[in-house]
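Participant: Sharing a structure with you now.
What follows draws every value from the coordinates through simple rules; no lab data is involved. Note that the coordinates shown come from a computational prediction; the quantities given were computed from them, not determined experimentally.
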Amino acid sequence: MRTFVGLFFVIFLSGTPQARADGPPFQACGIKIGEVSTNSAIIWTRLTKNAESNPASAPWFEIHFEKSGWVEATDMKMIREPALGVRFDEGAKDENDIAFAVPGM
């Protein structure tokens with residue numbers, strides 16, 4: 001079993017030289033391994049367009065809640081009420097442009 005998992009990681013993480021040299025896909029989210037048994041394991045990965053997440057200086061967003069009104073993402077706690085909408089700061093075209101976002105492939 002260990003040999004198989006080790007071989008999988010060598011093959012999976014090495015990719016092709018052309019893919020590494022030319023750019024995406026990347027794996028900025030890392031991997032997660034769960035539900036391991038004696039003969040199987042679930043390995044979760046997500047390919048990303050960029051090698052790292054967007055910087056903290058990127059645009060933020062606000063969420064409009066039913067009772068609380070517009071709340072900035074940095075001020076949110078565990079608000080348990082329906083969300084009615086989202087608006088992005090100036091400069092953000094969509095959710096892929098906001099701070100800490102990691103756009104997928």
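Participant: Under 20 Å between alpha carbons, and skipping anything fewer than 8 positions from K77 in its own chain: which lysines qualify?
Facilitator: Excluding near neighbours in sequence, the set is K67.
Participant: Shape call for segment 35-89 from the C-alpha gyration tensor, a ≥ b ≥ c root eigenvalues: rounded (a/c under 1.5), prolate (a/b greater than b/c) or oblate?
Facilitator: oblate
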